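Notes follow the structure.
The values are calculated or read from the model by the stated rules, or taken from the named source; none is laboratory data. It should be emphasised that the depicted structure is a prediction, and the values quoted were computed from it without experimental measurement. Neighbour counts are summed over all protein chains in view; Cβ atoms, including those assigned to glycine, are modelled from backbone coordinates with ideal geometry. All accessible areas refer to the heavy atoms of the entire protein, side chains included, with ligands and DNA or RNA removed. Shrake-Rupley method; radii C 1.70, N 1.55, O 1.52, S 1.80 Å.
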Amino acid sequence: MAATLCGKLLSPKGWLPRTQSIRHGSKAVTRHRKPMHFLKQKLLAVTQYIPPKPAAPPGAYPRETPVVQEQESPLMRLLTRDLEGVFRDCKMVAVAQNSGSTSHDMIMLKNRFHKHDIHVRLFPNQVMRSFLSKSIYSNMAPLFIGPTVLFVSKEPKVKEMLSTLRLSPQMSLLGACIDNTLLSAQGVASYAKLSSVAVVQGELVSGLSALASQTGTLLQRHPTHLTALLQQYAAQQAQAEKAT
């Protein structure tokens, strides 16, 4: 109002307008919304209600086709039955990898093994894995990768098998199951170094007979000699107990 009056009184006519308005600028906004704490933002995001998706109308998706399990062919059942008989009747089942053996090499290998009553058997890996997965020999399944051959015998003839395999460099021994015990190639080599059961039984019998003969010789001597030996043994035991 004061500015308008001053303009009327002081300004000359025709040079300035009779009225002059002064427009004040808007005041700055000094109040802002306080930022929300980060944990509160996370809590609100986690607890936010998510409405369920509407169910698809019937017929929107194609029908699921039933999975038809492939039935075993008669040939696979026959091979599986034959394989069960091999593991049941044979105490040694060795697995070897065939690295490019020709038919002539296989014939020669079979002839060498036949001299030691060891047989060469060939089964598809699919049949082997199917049988092993359902039996107690499931740990042998990793051995059947690629072309493999089985060497089986009713008695564990490990030395004869290893000596014959040395003549066939195309065959690499992977492992064996001997007397229901799974062995690696190194374990089979260690098993071959052991003495046979007949040798161990002979050593045991000779040791027992030697002890029995010594006992009989002592009993045939004079009782005074036996008493002296027993007293000496008791004294030695007493000295040993004192030393400990």
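Remarks
- Filter pass, L182 being open to solvent by 70 Å² or more (accessible area, probe 1.4 Å), in contact with a strand residue (DSSP E or B) (Cβ under 9 Å, 6 or more places away or on another chain), modelled with pLDDT of 80 or more and of a type in the set (A, V, I, L, M): yes
- Of all residues in segment 55-74, at least one satisfies being of a type in the set (S, T, Y), part of a loop (DSSP other than H, G, I, E, B) and either at pLDDT 75 or above or surrounded by 10 or more Cβ atoms within 10 Å (Cβ to Cβ) (or both).
- Matching residues in segment 82-104 - criterion: being open to solvent by less than 10 Å² (accessible area, probe 1.4 Å), within 12 Å of S168 (Cβ to Cβ) and in a helix (DSSP H, G or I): none
- When S172 is tested against (1) surrounded by 11 or more Cβ atoms within 10 Å (Cβ to Cβ); (2) out of contact with any strand residue (DSSP E or B) (no Cβ under 6 Å at 6 or more places or on another chain); (3) modelled with pLDDT of 80 or more, exactly one condition is not met: (2).
- Given (1) surrounded by 10 or more Cβ atoms within 10 Å (Cβ to Cβ); (2) under 28 Å from the mean Cα position of the chain (by Cα); (3) at pLDDT 90 or above, index of the condition R112 fails: (2)
- Which listed residue, of L39, L43, L122, L132, is open to solvent by 50 Å² or more (accessible area, probe 1.4 Å) and under 24 Å from Q186 (Cα atoms): L122
- Among the residues of this structure, L79 counts as one that is at pLDDT 85 or above, in contact with a helix residue (DSSP H, G or I) (Cβ under 8 Å, 6 or more places away or on another chain) and either more than 30 Å from K154 (Cα to Cα) or surrounded by 10 or more Cβ atoms within 10 Å (Cβ to Cβ) (or both).
- Residue, most open to solvent (accessible area, probe 1.4 Å), within segment 209-242, restricted to residues that are among the aliphatic types (A, V, I, L, M) and at pLDDT 80 or above: L230
Each row is one residue, and each column tells you yes or no for (1) open to solvent by 50 Å² or more (accessible area, probe 1.4 Å); (2) in a strand (DSSP E or B).
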{"site": "L150", "(1), (2)": "no, yes"}
{"site": "P156", "(1), (2)": "no, no"}
{"site": "L162", "(1), (2)": "no, no"}
{"site": "S168", "(1), (2)": "no, no"}
{"site": "G187", "(1), (2)": "no, no"}
{"site": "A198", "(1), (2)": "yes, no"}
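- Residue check for S206: more than 23 Å from the chain's Cα centre (by Cα), at pLDDT 90 or above and small (G, A, S): no
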